[in-house]
């Protein structure tokens with residue numbers, strides 16, 4: 001197999017469209033095989049679009065989210081696999097309530113790791129993208145996604161581990177998605193001000209000390225993908241139960257985004273090949 005392959009591991013349906021979607025669409029357009037692995041079905045996700053807050057939707061949220069994911073995958077041009085775990089939900093309260101029995105975050109790590117190892121060994125990706133140790137934000141499924149991804153990265157290459165899960169495969173590079181950057185928000189907020197408008201990021205920026213933008217210092221790789229921002233937005237909108245068309249995702253004109261911040265950002269977390277940082281390509285240094 002001579003083509004390049006990318007696997008993006010995500011916790012819930014819609015995560016793939018809000019984290020690295022334009023990058024995936026770019027690579028698909030360039031002939032790369034891209035596969036999204038969704039760890040849970042998103043069964044416990046809230047309905048965040050008022051237009052979809054209907055009794056008939058509440059009664060079949062799992063089936064609807066399956067359909068939404070299929071549409072988003074079609075828009076992005078990616079292959080897709082459900083790993084079959086159950087959404088843990090986002091616990092709220094003080095103290096936090098216990099997680100639901102049988103949910104993904106409580107499944108023994110060895111079990112979820114074996115399932116992802118099987119997928120890695122079958123697809124044989126050169127690059128894998130996932131979340132950092134904080135999950136991008138501290139949702140229990142996002143944190144578990146990090147843990148499972150990193151464990152599977154190591155285990156997939158080790159013939160001694162999970163011998164019934166396929167022939168060993170060594171993923172060359174692992175990246176963390178990093179899209180929530182203060183500098184990016186500030187660039188857009190400043191553009192709103194230049195145009196005599198109040199931007200949507202004022203509260204976040206006021207409460208976020210520039211000195212504490214720790215993610216900015218972790219970026220190693222910026223992929224130019226502005227051409228695919230429209231495709232990204234269409235994939236997001238396909239998740240109609242989760243994405244309100246009037247939400248902050250869509251307040252910044254796409255022309256501003258293309259001009260002011262035409263890249264998506266990543267942190268190279270693991271590499272089995274020599275690298276030179278910074279990079280502008282997730283496949284830098286990889287020979288198919």
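Bear in mind these aren't lab numbers, they're just calculated from the coordinates by the rules spelled out. A quick note: this is a predicted structure, and the numbers were derived from the prediction, not measured. Here Cβ is always computed from backbone atoms with ideal geometry, including for glycine, and neighbour counts include all displayed protein chains.
For the chain, modelled as a GNM with alpha-carbon contacts under 10 angstrom, which of 227, 203, 183 fluctuates the most? Result: 203 has the largest fluctuation of those listed. With a Förster radius of 41 Å applied to the C-beta separation of residue 71 and residue 110, the computed FRET efficiency comes to 0.75. Of the candidates 76, 48, 268, which one comes out as most mobile in a Gaussian network treatment of the chain with C-alpha springs shorter than 10 Å? Checking each option, the largest mean-square fluctuation is seen for 48. Here the Debye sum runs over all C-alpha atoms of the stretch 1-56 as equal scatterers in vacuum, and log10 of I(q)/I(0) at q = 0.22 Å⁻¹ comes out as -0.87. The Cα atoms of the stretch 85-221 give a gyration tensor whose axes a ≥ b ≥ c have a/c of 1.5 or more with a/b no greater than b/c, which makes the shape oblate. Label the stretch 53-166 by shape, choosing from rounded, prolate and oblate, from the square roots a ≥ b ≥ c of the eigenvalues of the Cα gyration tensor; if a/c is under 1.5 it is rounded, and otherwise prolate applies when a/b is larger than b/c, oblate when it is not. In terms of gyration-tensor shape, oblate. Within the listed set 137, 176, 228, the residue fluctuating most in the Gaussian network model of the chain (springs between alpha-carbon atoms under 10 angstrom) is 137. Neighbour counts of C-beta atoms inside 10 Å place 9, 127 in the sequence 127, 9, starting with the fewest.
Rounded if a/c is under 1.5, else prolate if a/b is larger than b/c, else oblate: which is the stretch 121-201, with a ≥ b ≥ c the root eigenvalues of its Cα gyration tensor?
Details: a/c = 5.13, a/b = 3.01, b/c = 1.71.
The shape class here is prolate.
Remark: relative contact order (the chain) = 24 percent; criterion is Cα-Cα distance under 8 angstrom and separation of 6 or more residues.
The fewest-to-most ranking of 149, 112, 222 by surrounding Cβ atoms within 10 Å reads 222, 112, 149.
Counting beta carbons within 10 Å around each of 38, 252 and listing the fewest first gives the order 252, 38.
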